[in-house]
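Enquirer: Here it is, the structure in full.
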Amino acid sequence: MQNYLANLPPQHRRSWLLVVIYIAVLLVVSLADFGLNTAGQTVFRGILLGMLVFLVASGLSLIFGLLDVLNFAQGAFLLIGAYVGNATYDALDALSDEMRFLAAILSAVGTVGVLGAIIEAGLIRPLYKRPIFQIVLTFGLAAIFLDLVERVYGPDPKQPIDPPALLNGKFTLFAQSLSTYRLFIIFLGLIMMVSVYILLNRTRIGIIIRAGVQDAEMVQALGINVRRVFTLVFVLGAALAALGGIAIVPYQGATLEMGNQFLILAIVVVVIGGMGSYEGTAIASIVVGLTRAVAEQLSLTHFDAPVLAETSILLLMIAVLLIQPSGLFGREEA
Amino acid sequence: MKNDGASSLILDIQDIHTFIGEFHILEGVSVQVPPGSITVLLGRNGAGKTTTLRSIIGLTPPKTGQIMFQGQAIQGKPAHKIARMGIGYVPENRIIFRDLTVAQNLQIAERRKGDLDRKADLIFGLFPDLKRLYTLRGGNLSGGQQQMLAIARALVPDNSLLLIDEPSEGLAPVIIEQMMDAIRQLSAHTTVLLVEQNFQVASQLAERYVIIEEGMSVHAGLITDLVQNNELITTYLGVA
């Protein structure tokens with residue numbers, strides 16, 4: 001820990017301090033305004049949302065960091081993951097709930113992973129030196145995928161599927177009865193957060209990815225085939241979004257709008273955290289989740305409508321950019 | 001261009017032409033590097049020295065001409081394949097990976113498991129400070145320490161040729177001395193092709209030189225001959 005702090009650039013130390021103070025203020029305001037039980041429920045909702053957003057935003061951040069591609073199709077990957085997983089679950093009704101759920105996760109992640117590999121190698125790679133074209137391409141892909149999902153699976157929202165019995169229980173938290181599945185989502189988000197952190201910090205491929213985020217050309221000059229690493233990261237980013245997609249289905253079902261809703265949240269998270277910073281994305285996901293949940297609860301309490309929910313995170317993004325233009329944990333351009 | 005007729009060459013560049021976008025940067029560069037030597041590319045700012053190194057390593061590949069490394073044509077190959085043939089590259093701005101520790105900056109250059117362990121004595125013998133700085137992030141190092149790390153990184157795998165771009169740039173005189181010592185010592189292990197703007201440094205380090213002027217190699221030979229040729233120095237290098 002001491003070593004970690006000693007190695008942190010001064011502006012990142014300041015960001016940590018800001019984050020700690022900001023979360024403390026949110027907690028104090030919640031406790032003062034809502035009372036212990038509602039505040040606890042609000043924080044739980046915020047963390048839950050933060051973990052879901054993290055699954056989409058971490059992929060977006062990794063892809064942007066290494067490939068310099070702002071992937072507008074990231075929301076579509078979540079959408080496809082949700083619908084393919086849902087369809088797999090429906091199709092395998094002869095199996096046990098556990099097996100169906102596992103198959104749904106594998107099919108969602110596998111399908112989107114393969115799709116990601118094809119998109120990176122076939123469509124994005126020829127455009128690496130044309131960033132504007134990449135943006136247009138991923139924007140177009142997002143529209144095409146949305147249309148395809150609608151045509152294949154229909155325009156109606158999909159009802160939440162039953163999670164496996166193990167995750168289908170109830171527990172009481174702050175005087176509210178909640179589905180165990182919500183805890184599972186938080187746990188899944190934490191597992192992925194730590195796993196990707198370990199991948200990036202403790203493995204050779206992770207070190208290559210982090211180096212490539214700074215200078216892919218230099219990595220290549222060291223004898224590393226950086227294109228292969230690009231593909232791997234794109235697949236990983238797409239698969240994380242798909243995992244987020246299928247994780248949502250037992251909780252909220254699937255709708256055609258979910259991809260774009262999470263894409264906007266993910267973009268806000270990546271901007272607040274600092275473009276390309278994994279650490280920043282992880283922290284900003286929690287901060288955005290908490291901010292949205294507290295703002296929603298505040299506006300419900302005082303205005304009887306969740307009017308502040310959406311604007312709160314945009315205001316937060318503006319405030320962060322005013323204080324630190326490169327985001328909380330982004331790198332100042334030289 | 002004059003050539004003193006070196007016969008066995010580790011690197012033989014013949015008449016390369018390199019473009020950056022629409023700009024014709026190298027308009028005929030030929031460089032011959034014998035094994036075990038330190039050869040320096042000299043010339044004014046913007047003459048094409050850095051582009052020559054980038055052309056060799058494949059980051060800015062030449063459109064025409066030939067680059068033979070250890071008897072094999074390497075032009076047109078991707079940079080990672082050229083590097084794996086045994087060419088190390090130390091770029092102009094060092095390009096140390098700021099968020100990685102010194103240890104990780106070295107580990108990333110391993111081409112085979114254990115490369116760093118095998119080279120530890122050589123690297124820490126040349127740059128003892130790096131051992132002390134092992135757990136620090138690259139971004140926290142001084143300019144001189146970053147330069148040491150950039151050269152050390154190129155020494156991790158078994159490279160037969162090192163391309164070093166402006167090793168003295170932006171460094172204090174005392175650090176330049178240390179760097180020169182290190183380059184002299186490492187030339188016992190590998191061939192060095194150097195770009196150096198500081199003529200005094202270049203003339204003390206190198207045995208051979210190639211002058212590049214407006215994208216063309218215009219003169220080459222032994223550095224001992226060049227230091228006595230004031231006319232050549234004044235004409236091409238602007239050094240009195």
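Taken together, the values in this text are just the output of simple stated rules run on the coordinates, not laboratory data. Quick caveat, the model's predicted, so the values are computed rather than measured. With ideal geometry, Cβ positions are generated from the backbone for all residues, glycine too; neighbour counts draw on all protein chains shown.
Enquirer: Counting C-alpha atoms alone, how compact is the protein assembly as shown: give Rg to one decimal and Dmax as a whole number, in angstrom.
Expert: Final numbers for Rg and Dmax: 28.3, 91 Å.
Enquirer: Determine by what factor the alpha-carbon radius of gyration of the stretch B:143-207 differs from 2.2 N^0.38 Å, reporting the quotient.
Expert: 1.02
Enquirer: While we're on this one: Could you give the distance between the Cα centres of the stretch A:3-53 and the stretch A:239-297, to the whole Å?
Expert: The distance from the Cα centre of the stretch A:3-53 to that of the stretch A:239-297 comes to 16 Å.
Enquirer: In addition: Hydropathy first: keep DSSP H helices in chain A averaging at least 1.0 on Kyte-Doolittle, then drop any whose Cα extent along the axis falls short of 24 Å, and list what survives.
Expert: Within chain A the helices that satisfy the rule are A:10-67, A:97-119, A:131-153, A:180-202, A:226-252.
Enquirer: With +1 assigned to the C-beta of every Lys and Arg and -1 to the C-beta of every Asp and Glu, and no other charges, what is the dipole magnitude of chain B about the Cα centre in debye, to the nearest 20?
Expert: Dipole size: approximately 940 debye.
Enquirer: Let me ask something additional. Which one of B:PHE97, B:PRO78, B:LEU59 has its Cα pushed farthest toward the positive end of the charge dipole of the stretch B:52-134, where Lys and Arg give +1 and Asp and Glu give -1 at the Cβ?
Expert: Going by the charge dipole, the pick is B:PRO78.
Enquirer: So, one more: Select from A:GLN324, B:ILE176, A:LEU8 the residue farthest towards the positive end of the dipole of the protein assembly as shown; place +1 on Cβ of Lys and Arg, -1 on Cβ of Asp and Glu, and compute about the Cα centre.
Expert: A:LEU8
Enquirer: Over all pairs of distinct alpha carbons, what does the Kirkwood formula give as the hydrodynamic radius of the stretch A:212-334, in Å?
Expert: The answer is 16.6 Å.
Enquirer: Find which of A:LEU123, A:PRO164, A:ILE246 sits farthest along the positive direction of the dipole of the stretch A:9-323, computed with +1 on the beta-carbon of Lys and Arg, -1 on that of Asp and Glu, about the Cα centre.
Expert: Positive-most Cα among the choices belongs to A:LEU123.
Enquirer: Given the -39500 (n - 2.57) contribution per DSSP H run of 4+ residues, what per-residue ellipticity at 222 nm results for the protein assembly as shown, rounded to the nearest 500 deg cm²/dmol?
Expert: -19000 deg cm²/dmol
Enquirer: Over chain A, calculate the relative contact order: mean separation of alpha carbon pairs under 8 Å at least 6 apart, over the residue count, as a percent.
Expert: Values: 499 pairs, mean separation 110.1, N = 334.
Computed over chain A, the figure is 33 percent.
Enquirer: I need B:LYS77, B:LYS131 ordered by Cβ neighbour count within 10 Å, fewest first.
Expert: Details: B:LYS77 17, B:LYS131 11.
With the sparsest Cβ surroundings first, the list reads B:LYS131, B:LYS77.
Enquirer: Would you mind calculating the gained length between B:ASN93 and B:LYS81 on full extension (0.36 nm times residue separation, minus the Cα-Cα distance), in nm to one decimal? All intermediate terms of the calculation are to be shown ahead of the outcome.
Expert: Numbers: separation 12, 0.36 × 12 = 4.32 nm, distance 2.24 nm.
Result: 2.1 nm gained on full extension.
Enquirer: Here is a follow-up. A 23 angstrom limit on the alpha carbon distance is what I want to check against. Which of B:LYS81/B:LYS113; B:LYS49/B:LYS131; A:LYS129/B:LYS63; A:LYS129/B:LYS77 exceed it?
Expert: On the way: B:LYS81/B:LYS113 18 Å; B:LYS49/B:LYS131 32 Å; A:LYS129/B:LYS63 18 Å; A:LYS129/B:LYS77 19 Å.
Long pairs (Cα-Cα over 23 Å): B:LYS49/B:LYS131.
Enquirer: Within 10 Å, count the other beta carbons around each residue, average over each peptide in A:216-224, B:30-38, and list them highest first.
Expert: Values: A:216-224: 23.2, B:30-38: 19.1.
Top to bottom by mean Cβ count within 10 Å: A:216-224, B:30-38.
Enquirer: Using just the C-alpha positions of the stretch A:9-323 as equal point scatterers, what log10 of I(q)/I(0) does the Debye formula give at each q in 0.08, 0.15 1/Å?
Expert: -0.37, -1.26
Enquirer: A follow-up question, please. If neighbour count is taken as other Cβ atoms inside 10 Å, put A:PHE234, A:PHE174 in order from fewest to most.
Expert: So the ranking, lowest neighbour count to highest, is A:PHE174, A:PHE234.
Enquirer: Summarise the partner chain shielding of B:100-106 as one whole number: the mean count of Cβ atoms from other chains within 10 Å of each residue's Cβ.
Expert: For this peptide, the per-residue mean of nearby foreign Cβ atoms is 3.
Enquirer: In debye to the nearest 20, how big a dipole does the protein assembly as shown give about its Cα centre with +1 on each Lys and Arg Cβ and -1 on each Asp and Glu Cβ?
Expert: Numbers: 39 positive and 44 negative charges, 189 e Å.
It comes to approximately 900 debye.
Enquirer: Something else now. Given contacts defined as C-alpha pairs under 8 Å and at least six residues apart, what's the relative contact order of chain B, whole-number percent?
Expert: Computed value for chain B: 29 percent relative contact order.
Enquirer: Taking the Cα centre as origin and putting +1 on Lys and Arg beta-carbons and -1 on Asp and Glu beta-carbons, what dipole magnitude results for the stretch A:9-323, to the nearest 20 debye?
Expert: I would put it at about 940 debye.
Enquirer: Among DSSP beta bridges lying fully in the protein assembly as shown, give the percent that are antiparallel, nearest 5.
Expert: 60
Enquirer: With a Förster radius of 41 Å, plug the Cβ-Cβ distance of A:TYR22 and A:ILE135 into 1/(1 + (r/R0)^6) and report the FRET value to the nearest 0.05.
Expert: Values: r = 31 Å, r/R0 = 0.76.
Result of the calculation: an efficiency of 0.85.
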